[in-house]
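Since every read-out is calculated from the coordinates, none of them should be taken as a lab result. In this text, all values refer to a predicted model and were calculated from it rather than measured experimentally. All Cβ positions, glycine included, derive from the backbone under ideal geometry; neighbour counts span all protein chains shown.
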Amino acid sequence: MKKKRILSAALALCMIFGSAAALPQGVFSESAGITASAEEEGDYVYAENGEGTVMITKYKGSGGAITLPPKLGGKTVTEIGMNLFYTIRANKTVTSIVIPNTVKQIDDSAFYACQALTSITIPSSVTTIGKYAFRNCTALTSITIPSSVTTIYDSSFDGCTALKTINVDSANASYSSYDGVLYNKAKTQYICCPAGKTSINIPGTLATVPGTKLKAAITSVTLNEGTKKLEKWAFINCKDMRSLTIPQSVTTIEEHAVGFCHLSGDLTDPDTPISSFIIYGYKGSAAETYARSNNITFKEIGTACSHSYGSPSWTWSGYTSATATFTCTKCSNKQTVNASITNAVTKAATCAATGVRTYTAKAAFGGTSYTNTKTERTAGTLLQRGRGTAIHRQVQSLPARIIHRTRSRSMHRR
Ligand SMILES: [Zn+2]
C-alpha cells in the first residue's frame, strides 16, 4: 500500500488563500479532527479517528456515482471528514454518493460544494450531520434523514438552492418532516426549510414562526390554527410573498413580521414594505391590528369566533405527564393545556391480590378545572415477590405483632 505523509488539508488551504479569514464562511469549524498525517488507499485519503477506526479525509477519484468504502487500510470507516470533495474549487464531477452503514458521523462541511450531486444515501448508522454538511450542493433536490440521526443543524443544508424536500424516517425519535420542512419530533420547533421550496404549509403545532429563518424562494405560506406568534422578521426574506392568511389563534405579531422584506436578502437592508401586500384575517384579531398599524391592506374573512369549548380530549405520556386538548365546537380551534398530575393508592394491595394506584391529571382552562384519571395495578405485598405462597403460609402462623413488622419491612423494600 502506498503511504505518504501529507500536510493537513486545513494548512494547505490556508497557504492557498493566504489567511484563514479569506476562506469561504463555513468551510472550517470546530470539529476539524484532521490529523497531521494520513494514508491513502484507492481514491481515498484517510486518517485514524479513534480506537482503531478511520475517517475519510479526501476523495481523489474522477467522480460520477460513487460508493464510499466501509473499510480503508483494513479499518472500519466511521466518519466522513470535512471538505471531502472540496479543494480549491467546487466539485462538479460527483453525481451520487452512497455512504456505507459503518459511518456514524458526517463532519461539518463534509459534502461542501458538490455542485453536481443529485443523490445521496445516508444509512441508519449515522447519528450526526454537521453544520454546513451539504452547503452549496446546488443540484440536490431531496434528501432523506434516517431514523438514527440525533443531531442536525439549520445550516446543514445552507445554500442548497434546488432542495425542495427534507424527508425524515418516521422512526426517528428526534426529528420529523412536515410538508418537506425539518422540525423537531413534536413539530413544536422549526429546524430547517429547504432553500428551493416555494410554498410552505406550517403546522399548527408550531406555536412561534421564528424570525428570519424562512428562505427567499418562498412565495406562498399557509398558517394553521394553533400557531400563536409571528416573530419579528418571520417572513423578511420572502420578498416575493404577496399575501398571508392569518388564523385566529395568532395573538402576537411582532415588528415587521410580515409584509416587509430585505430587498438584497441582507439583514442589514432597510425593512422595505412589499407593495400591494394583503393580509387576510378575522375582524377584531391581532392580524387586523397589525395590518392597520403598518398600512397593509386588510381583508376580512370572518368575525373572530367567540369560542365555545366542551370537555377536553386527554393524551397521557406514561403516568408522568398528560395534556388536555380543547376543541371549539364552532370553529374547531384547538387549545392544548399541560396537566399537573397527582397519584394515590386507591385500593391497597393484599397478600392475595394486587392493588390500584390512581393518577389524576388536572388541567385549568377558561376558569374551570378539568380532571382525568388513569390507574395502575400495584403489586401484592408478598405474592408478587416470587416466593409468595410459602412465605405467606409461614407468616400466617406467626404472632400478629411480627406479621405487622414483616409486612412493613417487605413494603419498604419494594
Ligand atoms: Zn371558535
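Filtering the stretch 314-327 to residues that are away from the ligand (no atom under 16 Å from the Cβ) and part of a strand (DSSP E or B) leaves Trp314, Thr315, Trp316, Ser317, Ser321, Ala322, Thr323, Ala324. Identify all residues within the stretch 328-350 that are within 11 Å of the ligand (Cβ to nearest atom) and surrounded by 16 or more Cβ atoms within 10 Å (Cβ to Cβ); write none if there are none. Selection gives Cys328, Cys331, Asn333, Lys334, Gln335.
Considering only residues of the stretch 237-276 that are touching a residue at least 40 places away in the same chain (Cβ under 8 Å) and aliphatic (A, V, I, L, M), which is surrounded by the fewest Cβ atoms within 10 Å (Cβ to Cβ)?
Ranking the candidates gives Leu267 first.
So if I check each of Ala195, Ala173, which one is assigned to a loop (DSSP other than H, G, I, E, B) and more than 23 Å from Asp240 (Cα to Cα)?
Exactly one of Ala195, Ala173 is assigned to a loop (DSSP other than H, G, I, E, B) and more than 23 Å from Asp240 (Cα to Cα), namely Ala173.
Of the residues in the stretch 198-212, how many are part of a loop (DSSP other than H, G, I, E, B) and farther than 20 Å from Ile145 by Cα?
Counting residues in the stretch 198-212 that are part of a loop (DSSP other than H, G, I, E, B) and farther than 20 Å from Ile145 by Cα gives 8.
If you check Gly310 against the conditions, is it within 30 Å of Glu376 (Cα to Cα), within 16 Å of the ligand (Cβ to nearest atom) and loosely packed, with under 13 Cβ neighbours inside 10 Å? When the stated conditions are applied, Gly310 passes them.
Would a scan of the stretch 278-297 turn up a residue that is touching a helix residue (DSSP H, G or I) at 6+ places or on another chain (Cβ under 9 Å), assigned to a strand (DSSP E or B) and within 16 Å of the ligand (Cβ to nearest atom)?
Within the stretch 278-297 (the criterion being touching a helix residue (DSSP H, G or I) at 6+ places or on another chain (Cβ under 9 Å), assigned to a strand (DSSP E or B) and within 16 Å of the ligand (Cβ to nearest atom)), the answer is yes, since at least one residue qualifies.
Could you list, in sequence order, the residues of the stretch 70-95 that are outside any loop (DSSP other than H, G, I, E, B) and over 22 Å from Tyr153 (Cα atoms)? Hits for the stretch 70-95 are Lys71, Leu72, Lys75, Thr76, Val77, Asn91, Val94, Thr95. Filter the stretch 190-230 down to the residues that are surrounded by fewer than 18 Cβ atoms within 10 Å (Cβ to Cβ) and in contact with a Pro (Cβ under 9 Å, 6 or more places away or on another chain), then identify the one that is farthest from Tyr175 (Cα to Cα). So, considering only residues that are surrounded by fewer than 18 Cβ atoms within 10 Å (Cβ to Cβ) and in contact with a Pro (Cβ under 9 Å, 6 or more places away or on another chain), the one farthest from Tyr175 (Cα to Cα) is Glu225.
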